[in-house]
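The values are calculated or read from the model by the stated rules, or taken from the named source; none is laboratory data. Remember, predicted model here, so these are calculated numbers, not experimental data. So basically every Cβ, Gly included, is an ideal-geometry build from the backbone, and we count neighbours across all protein chains shown. When the accessible area is computed, the model is the full protein with side chains, heavy atoms only, and any ligands, DNA or RNA have been set aside. Shrake-Rupley method; radii C 1.70, N 1.55, O 1.52, S 1.80 Å.
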Amino acid sequence: MKLGRAALEEKPTLVVIDASRELYWRASEVFPGYHLKDSDNMVTLIQSGCDLNTPLPTKGGHPLKMDLLLPPLPNPPRNIMCVGKNYVSHAEEFSKSGFDASSAAETAIPEHPIIFTKPRTSISGPFDDIPMWAGLDGAIDYEAELGVVIGKAGRFVSREEALDHIFGFVVLNDVTARDLQKEHKQWYLGKGIDGFCPMGPWISTRADVHLATAKIESKVNGELRQQSTLAQMIFDIPCLIETISRSMALCVGDIIATGTPEGVGIGFNPPKFLRNGDVVECTVEGIGSIVNRVKSRLLEQEEDLALQQSNTR
Ligand code: MG
């Protein structure tokens, strides 16, 4: 099942999307008797324990327009938890790139999961622009990732129990300003920029994603850059859940970004950073794709200024 949020009559609304990805129903049309206290709050829906095996109605579906989709979970209970260097080939390209100024730089392949966070204010929609803010636009890079959405709270979750704590999965792009990542010797400032975590296009529930075989990839302007499978993770999802929940209780609605495979911009020589107008598409098999155009905010500011000036002439 695919659960998302869409702007319907300009109001954010929870929706359920069918397997063909062409039709949607309002969540309240799919889960009868379920009255949403807060009509666009995905965490409330997850907590309701609604039956994810509920068949979709045979009639009454509405045509889905992708550009109406909003981030499916814009307000997780805290920062998005992220994993650094979690695919062997990416760990090697990152260490060689000269941009890894973290304390983990000496060893390409980590012995334990590297966990950092992105603020939830970085979340944006599945088809939103990636903003190039003035002064932060010199070394912007993409990272296609699988995001895990937690559906059941818990502390000290074992590997064996871990999958039971997952509600579903999203595609996300861990957009990164590599120069900030290097200069500040940590990952928060360069990855926490407003609009640097496009996410969606919806949450695919567990049954839709085959972790042992699903492909993950990214394209920039149609050129294939990253292509791998989720099975190539160094630390698999049960390990990540076990590791994080050893330190803190998992909350319903937590998001774990599980790392990115080889082929990011700094993996090339010279690096292929994103430029104004570039279109980045990130895809995970069983979920779908998010597509985001890089857009200079500086240009927008200049256009606004020019418009103001022409209006005053
Ligand atoms: Mg990442």
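Taking GLU217, is it of a type in the set (D, E, K, R) and in contact (Cβ under 8 Å) with a residue 24 or more places away in the chain? First the steps, then the outcome.
Numbers: of a type in the set (D, E, K, R): yes; in contact (Cβ under 8 Å) with a residue 24 or more places away in the chain: yes.
So GLU217 passes the test.
Looking for whichever is at pLDDT 95 or above, among the β-branched types (Val, Ile, Thr) and touching a helix residue (DSSP H, G or I) at 6+ places or on another chain (Cβ under 8 Å) here; the options are ILE123, ILE140, ILE109, ILE130. Which one fits? Spell out the reasoning first.
Details: ILE123 fails: touching a helix residue (DSSP H, G or I) at 6+ places or on another chain (Cβ under 8 Å); ILE109 fails: at pLDDT 95 or above; ILE130 fails: touching a helix residue (DSSP H, G or I) at 6+ places or on another chain (Cβ under 8 Å).
On inspection, the qualifying residue turns out to be ILE140.
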Restricting the range 82-104 to residues that are surrounded by 23 or more Cβ atoms within 10 Å (Cβ to Cβ) and in a strand (DSSP E or B), the one nearest to the ligand (Cβ to nearest atom) turns out to be CYS82
Matching residues in the range 154-169 (open to solvent by 60 Å² or more (accessible area, probe 1.4 Å) and closer than 20 Å to LEU73 by Cα) number 2
The condition of being in contact (Cβ under 8 Å) with a residue 40 or more places away in the chain, more than 17 Å from the chain's Cα centre (by Cα), within 14 Å of the ligand (Cβ to nearest atom) and over 25 Å from TYR24 (Cα atoms) holds, among GLN226, GLN181, only for GLN181
Restricted to the range 53-74 and to residues being part of a loop (DSSP other than H, G, I, E, B) and loosely packed, with under 14 Cβ neighbours inside 10 Å, the residue modelled with the highest pLDDT is LYS65
Within the range 252-269, restricting to residues that are modelled with pLDDT under 95 and more than 16 Å from the ligand (Cβ to nearest atom), the one that is surrounded by the fewest Cβ atoms within 10 Å (Cβ to Cβ) is ASN269
Condition set under 18 Å from the mean Cα position of the chain (by Cα) and open to solvent by 50 Å² or more (accessible area, probe 1.4 Å), scope the range 270-290, selection nearest to LEU211 (Cα to Cα): answer is GLU285
- [ ] Would you check if LEU189 is outside any strand (DSSP E or B), within 15 Å of the ligand (Cβ to nearest atom), free of Cβ contacts under 8 Å to residues at least 60 places away in the same chain and not basic (Lys, Arg)?
- [x] yes
